[in-house]
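**Q** Can you read through this structure? Questions will come right after.
The values are calculated or read from the model by the stated rules, or taken from the named source; none is laboratory data. Not measured: the values here are computed from a predicted model. Every residue, glycine among them, receives a Cβ derived from its backbone with ideal geometry; neighbour counts consider all protein chains shown. Surface accessibility is based on the protein's heavy atoms, side chains included, excluding ligands, DNA and RNA. Shrake-Rupley method; radii C 1.70, N 1.55, O 1.52, S 1.80 Å.
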Amino acid sequence: MSIQLKNIKKSFVNNKAKNTVLNKISLDINDNELVAIMGRSGAGKSTLLNIIGCLDNSDEGEYLLDGKNINEMSNSELSTIRNEKFGFIMQDFALIEDETVKHNIMLPTYFSKNKKKYDCEKIAKTLGIKKLLDTKASLLSGGEKQRTAIARALINDPKYIIADEPTGALDSKNAELIMDTIIELNKLGKTIIIVTHDENVAKKCQRIIYISDGNLKAE
Amino acid sequence: MKGILICTADLIKKHFKHSIVLIIQIAVTVMIFVGFIGKVQYIRSTKDVANTFNKDNVIYYYPFTFLDSEFKTEDVIKQNNLNVKSVGEADYMMINCDDQLLPIVGYNDTLLEYANLEIASGKWFNDSVDKNVIPLISTTDQYKLNDHITIKDRAGESHDAVVIGTIDKDGYVLGFNRSASKSIISAEFFVSKPYSYFIAPYNSEIYSSLSEQYDMFVEMGMPKMTLGKIITYDSKEDAEAIEKEFDKYGSVADIKLMITNYKKDIKFNILINGIILAVFAILTATGIGGINGLQSRLDRRNYIVYYILGMNQKQCALTELLRSLFVVALGFITAVILYTFESVRNFLYSSEMIISPLNFILALVFLLLICCFVSMKYVIDLGKGSLIERYKNQD
């Protein structure tokens, strides 16, 4: 098992009131799985995704990533894990709008400690954005932006892809194209965790996890 | 490190126009800040000079400039049977030094005894001095400690002189070149910027022969410079008699009172300048910190993206610090370049300001403190709450 969450608890304090967002959640995700996390707004989906992606820590519980205890790692080690093991795809693409497509794709490599060669052009060609490499991100369409974000998520060849509403800002045609790309990536061996509201997106995943009021409801 | 440098460059490029405004603001701030510090330095420096003066039982007397050249202080003392302990005089001489006619101010023995100026290097006259050479204190950069100079007297005979001490070029001396009055009495009247190349003792025979060079100077049509004197006394009654008599021939004031008044002036000046400096510093910190903080806020989305992609918070902080430092450094360099232009210096700074590298260093330290404070605050803010939630809310 590559991702193991045991009794994960997370709370936030809002206006002096403690709000438990995740209440002792336990979850296992295997290698090469394509998992959808669904739930209403505020249910705790994004918080769970943040913890899985090492963007946030849990208050209680244990998180094992490839057998290593994430809770015991330093901030520096966590940033290395985010950089090397995870690729992130966000609903609003999270691109640096003033920079070119190529610069955006290459960004994770600048933080990487690996000295391997990165083939930006090959990834861009696969995703159909090779001609756009020198174009500013702000000039791209929604679909092109999301493909740039996917290229960026793949540049460091991570094991896991974290996708937070990856089709949320796209029209149905582009949404379908992006989902097809994600499924292709899964077929190539990537473990993918998607947070989505969209039943059609979730149906394309191998497993759907429902979360409500900080608890897992059903799988 | 590569990532930090690339991201810093990206952020500078992103806010190019903002950065230009900030650079100009920082340059102007540095120039003004340097001036304020210069004013405070000036006040402190003149205070130090006044403090070196032994002020007990001393009267400052500045003769009327229209007095006959034959007028002698000693004659007034003799004619009125005044009980005077000694008279301290400064004399302005033009002397042939290394075949150049240079201005020298001579202090007589009394003045040398009462004045003990702080020197930058070497020693003052009252320390042991080789009797075979003429000792000089240099007040410019042109002559350094232990420099040997050949002085020619009016008869053409050469004498050896040596620089035994130097006064900082931004320092102050007892100039005695302004008059005091009973209504406005302050030590400011006898403290001045050096207006000669050297200070020399002038009471010995050789100096008097040298001072004859002055006649030649007068022959050239230059007016004689009137300098003040000090008159020392033993009792209060003597002082009253001296003041009463010399009041007829010039302005007279008690040096102790002048120095007390001057210290009051200095305190007031430092207070006023200190308040202005503090207000200016707060306004500057708010202004620069505000613009810098605004840039940081605009960059928050970038930092969250960098964080997601593998930058840790320390690296985010370092990037933010480098970005701020780059702008501060450019602003500072712009100020230094502007300072090299004489017109800018003349426009911004007066002779009553001491401008030295220290002023620039203090201005830079002040800017760096603002820079570090803004960056630190930004990084603390960055660490609060869920980054992804904040990213989604575009906070």
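**Q** Looking at (1) within 14 Å of chain A (Cβ to nearest Cβ); (2) open to solvent by 10 Å² or more (accessible area, probe 1.4 Å); (3) at pLDDT below 85, which is the only condition residue B:299 fails?
**A** Only one criterion is unmet by residue B:299, namely (2).
**Q** What are the pairs with Cβ atoms under 8 angstrom where one residue, in the range B:287-300, is under 10 Å from residue B:324 (Cα atoms) and the other, located anywhere, is among the acidic types (Asp, Glu) and buried (at least 17 other Cβ atoms within 10 Å of the Cβ)? Sequence gap at least six, or different chains.
**A** Partner pairs satisfying both residue conditions: B:296/B:320.
**Q** If you take the residues of the range B:282-296 that are open to solvent by 20 Å² or more (accessible area, probe 1.4 Å) and among the hydrophobic types (A, V, I, L, M, F, W, C), which of them is nearest to the other protein chains (Cβ to nearest Cβ)?
**A** Top of the filtered list is B:294.
**Q** I've got another one for you. Find the residue count for the range B:5-16, including only residues that are facing another protein chain (nearest Cβ under 9 Å), in contact with a helix residue (DSSP H, G or I) (Cβ under 7 Å, 6 or more places away or on another chain) and open to solvent by 10 Å² or more (accessible area, probe 1.4 Å).
**A** Residues meeting the conditions: 1.
**Q** Name the residue, out of B:214, B:233, B:249, B:207, that is closer than 29 Å to residue B:125 by Cα and at pLDDT 80 or above.
**A** B:233
**Q** Restricting to the range B:133-168, name every residue that is outside any loop (DSSP other than H, G, I, E, B) and acidic (Asp, Glu).
**A** B:160
**Q** Also: Does residue B:121 satisfy the condition of being free of Cβ contacts under 8 Å to residues at least 40 places away in the same chain, of a type outside the set (A, V, I, L, M, F, W, C) and more than 14 Å from residue B:174 (Cα to Cα)?
**A** Spelling it out, it is not the case that residue B:121 is free of Cβ contacts under 8 Å to residues at least 40 places away in the same chain, of a type outside the set (A, V, I, L, M, F, W, C) and more than 14 Å from residue B:174 (Cα to Cα).
**Q** Still on this structure, I have one more. If the requirement is being in contact with a Phe, Trp or Tyr (Cβ under 9 Å, 6 or more places away or on another chain), among the β-branched types (Val, Ile, Thr) and open to solvent by 10 Å² or more (accessible area, probe 1.4 Å), which of these qualifies: A:109, A:100?
**A** A:109
**Q** What are the residues in the range A:22-67 that are within 24 Å of residue B:316 (Cβ to Cβ) and not hydrophobic (A, V, I, L, M, F, W, C), if any?
**A** Scanning the range A:22-67 gives A:46, A:47, A:50, A:53, A:56, A:57, A:58, A:59, A:63.
**Q** How do the pairs read when you match residues in the range A:8-30 that are over 16 Å from residue A:53 (Cβ atoms) with residues anywhere that are open to solvent by 70 Å² or more (accessible area, probe 1.4 Å) and polar (S, T, N, Q), using Cβ under 7 Å and keeping only pairs 6 or more apart or on different chains?
**A** A:11/A:19; A:12/A:19; A:24/A:7; A:26/A:7
**Q** For the subset of the range A:91-135 comprising residues that are small (Gly, Ala, Ser) and at the interface with chain B (Cβ under 8 Å from one of its Cβ atoms), which member is farthest from the chain's Cα centre (by Cα)?
**A** A:112
**Q** Quick check on this structure: which one of B:264, B:256 is of a type in the set (Lys, Arg), away from every other protein chain (no Cβ under 14 Å) and without any contact (Cβ under 8 Å) to a residue 12 or more places away in the chain?
**A** The unique qualifying residue is B:264.
**Q** Among residues belonging to the range B:302-313 that are assigned to a helix (DSSP H, G or I) and crowded, with 18+ Cβ neighbours inside 10 Å, point out the one that is farthest from the other protein chains (Cβ to nearest Cβ).
**A** Only one residue fits best here, namely B:303.
**Q** Can you tell me how many residues within the range B:94-132 are part of a strand (DSSP E or B) and surrounded by 15 or more Cβ atoms within 10 Å (Cβ to Cβ)?
**A** 11
**Q** Still on this structure: Of the residues that sit in the range A:57-90 and are surrounded by fewer than 21 Cβ atoms within 10 Å (Cβ to Cβ) and in a loop (DSSP other than H, G, I, E, B), which one is nearest to the other protein chains (Cβ to nearest Cβ)?
**A** A:74
**Q** Next question, about the same structure. Just checking, how many residues over the range A:91-113 are in contact with a Lys or Arg (Cβ under 9 Å, 6 or more places away or on another chain) and either in a loop (DSSP other than H, G, I, E, B) or under 15 Å from residue A:55 (Cβ atoms) (or both)?
**A** Residues flagged as in contact with a Lys or Arg (Cβ under 9 Å, 6 or more places away or on another chain) and either in a loop (DSSP other than H, G, I, E, B) or under 15 Å from residue A:55 (Cβ atoms) (or both) within the range A:91-113 amount to 11.
**Q** Mind checking which residues of the range B:17-44 are open to solvent by less than 20 Å² (accessible area, probe 1.4 Å) and at pLDDT below 80?
**A** Correct list: B:43 only.
**Q** Is it the case that residue A:178 is over 20 Å from residue A:43 (Cα atoms) and touching a Ser or Thr at 6+ places or on another chain (Cβ under 6 Å)?
**A** So residue A:178 fits the description; yes.
**Q** How many residues are touching a Ser or Thr at 6+ places or on another chain (Cβ under 9 Å) and open to solvent by 30 Å² or more (accessible area, probe 1.4 Å) when one looks only at the range B:264-280?
**A** Adding up the residues that qualify gives 3.
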